[in-house]
Amino acid sequence: MTNSQGISELVINRLPRYHRFLGELLKQGIERISSRELSEKMGLTASQIRQDLNCFGGFGQQGYGYHIEQLRDEIGNILGVNKPNRTILIGAGNLGRAIASHMAFENKGFKLIGIFDKKEALKGQIIKGLPIRHIDDLDEFCRENLPDCAILCIPEEASSEICNTLIHLNIKGFWNFSHYDLALNHPEVAVENVHLGDSLMKLSYKIKNL
């Protein structure tokens, strides 16, 4: 599967790992690295790394390798992490609270600006410096603050209506923890689905087949 620019989803899925790993190398004081050395550290082939990066232009130099800080910045630009997307979170239950409290949004290209829930009892509680707002305030907040992205930590049965509202309010991207098939019903928006149960079952398969 490819995106509108003709880049394979498999390549895109590897970009965050490159970005994270290059950051770790910078912390170790390493300034440059060859594709062979990088492949040995990451468990990929040197050919795969070169092919992935060539999808976005040539970044290495023959006989020199990759300048780590420059390459990380270039990958950051490709991923869009250097210009934070204004983000709201819908659903301040256990999962929503954990994500709001512990995710380093600013390092990933996002800035959390609002948290919403339908429960009146949660209104006004503070999570990471932000007050929980009632879902009835969503329309006014979005029109005033123009968020780009929404994180959905709500049940599947509640997702359809809230997604329609958010798309009407010009939300362009969704980090979707519900089981609602947003991409199928709204192909015009960007969606990243997160199925924790699927990930756990994949682990079960790997353990079973050791």
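The values are calculated or read from the model by the stated rules, or taken from the named source; none is laboratory data. The model shown is predicted, which means the values in this text are computed figures rather than measured ones. When we count neighbours, we look across all protein chains shown, and the Cβ atoms used for this are built from the backbone with ideal geometry, even at glycine.
Lys111 is checked against (1) within 30 Å of Asn145 (Cα to Cα); (2) among the basic types (Lys, Arg); (3) outside the structural domain of Cys153 (by TED's automatic domain parsing) and fails just one. What number does that condition carry?
If we test Lys111 against (1) within 30 Å of Asn145 (Cα to Cα); (2) among the basic types (Lys, Arg); (3) outside the structural domain of Cys153 (by TED's automatic domain parsing), just (3) comes out false.
Only one of these conditions is not met by Asn82: (1) modelled with pLDDT under 90; (2) closer than 30 Å to Ile132 by Cβ; (3) surrounded by 18 or more Cβ atoms within 10 Å (Cβ to Cβ). Which number is it?
(3)
How many residues are touching an Asp or Glu at 6+ places or on another chain (Cβ under 8 Å) and either of a type in the set (A, V, I, L, M, F, W, C) or within 14 Å of Ile49 (Cα to Cα) (or both) when one looks only at the range 66-83?
Qualifying residue count, the range 66-83: 1.
Pick from the range 18-41 the residues that are touching a strand residue (DSSP E or B) at 6+ places or on another chain (Cβ under 8 Å) and not in a helix (DSSP H, G or I): which of them is nearest to Asn54 (Cα to Cα)?
Selected residue: Ser34.
Is it the case that some residue within the range 149-164 is at positive phi and either modelled with pLDDT of 95 or more or not assigned by TED's automatic domain parsing to the domain that holds Leu89 (or both)?
no
I need a count of the residues in the range 47-70 that are surrounded by 15 or more Cβ atoms within 10 Å (Cβ to Cβ) and more than 22 Å from Asn82 (Cα to Cα).
Of the residues in the range 47-70, 4 are surrounded by 15 or more Cβ atoms within 10 Å (Cβ to Cβ) and more than 22 Å from Asn82 (Cα to Cα).
In the set Leu15, Leu44, Leu22, which member is under 30 Å from Asn145 (Cβ atoms), among the hydrophobic types (A, V, I, L, M, F, W, C), modelled with pLDDT of 90 or more and not assigned by TED's automatic domain parsing to the domain that holds Phe141?
Leu15 is the lone residue from the list that is under 30 Å from Asn145 (Cβ atoms), among the hydrophobic types (A, V, I, L, M, F, W, C), modelled with pLDDT of 90 or more and not assigned by TED's automatic domain parsing to the domain that holds Phe141.
Here are some residues: Ala121, Ala150, Ala183. Which one is of a type outside the set (Asp, Glu), within 27 Å of Ile78 (Cβ to Cβ) and surrounded by fewer than 19 Cβ atoms within 10 Å (Cβ to Cβ)?
One residue alone meets the criteria, Ala183.
Being under 18 Å from the mean Cα position of the chain (by Cα) and of a type in the set (A, V, I, L, M, F, W, C): is that true of Ile151 here?
Here the answer is yes, as Ile151 does meet what is asked.
If I filter the range 98-107 for residues that are surrounded by fewer than 16 Cβ atoms within 10 Å (Cβ to Cβ), out of contact with any Leu (no Cβ under 8 Å at 6 or more places or on another chain), more than 30 Å from Arg20 (Cα to Cα) and without any contact (Cβ under 8 Å) to a residue 24 or more places away in the chain, do I get at least one hit?
Taking the range 98-107 and keeping what is surrounded by fewer than 16 Cβ atoms within 10 Å (Cβ to Cβ), we get 98, 101-102, 104, 106-107.
From what's left, out of contact with any Leu (no Cβ under 8 Å at 6 or more places or on another chain): 98, 101-102, 104, 106-107.
The next check asks that each one be more than 30 Å from Arg20 (Cα to Cα); those that pass are none.
Scanning the range 98-107 turns up no residue that is surrounded by fewer than 16 Cβ atoms within 10 Å (Cβ to Cβ), out of contact with any Leu (no Cβ under 8 Å at 6 or more places or on another chain), more than 30 Å from Arg20 (Cα to Cα) and without any contact (Cβ under 8 Å) to a residue 24 or more places away in the chain.
Just a yes or no: is a residue in the range 65-85 within 30 Å of Ile162 (Cα to Cα), touching a residue at least 24 places away in the same chain (Cβ under 8 Å) and either part of a strand (DSSP E or B) or touching a Pro at 6+ places or on another chain (Cβ under 6 Å) (or both)?
Yes: one or more hits.
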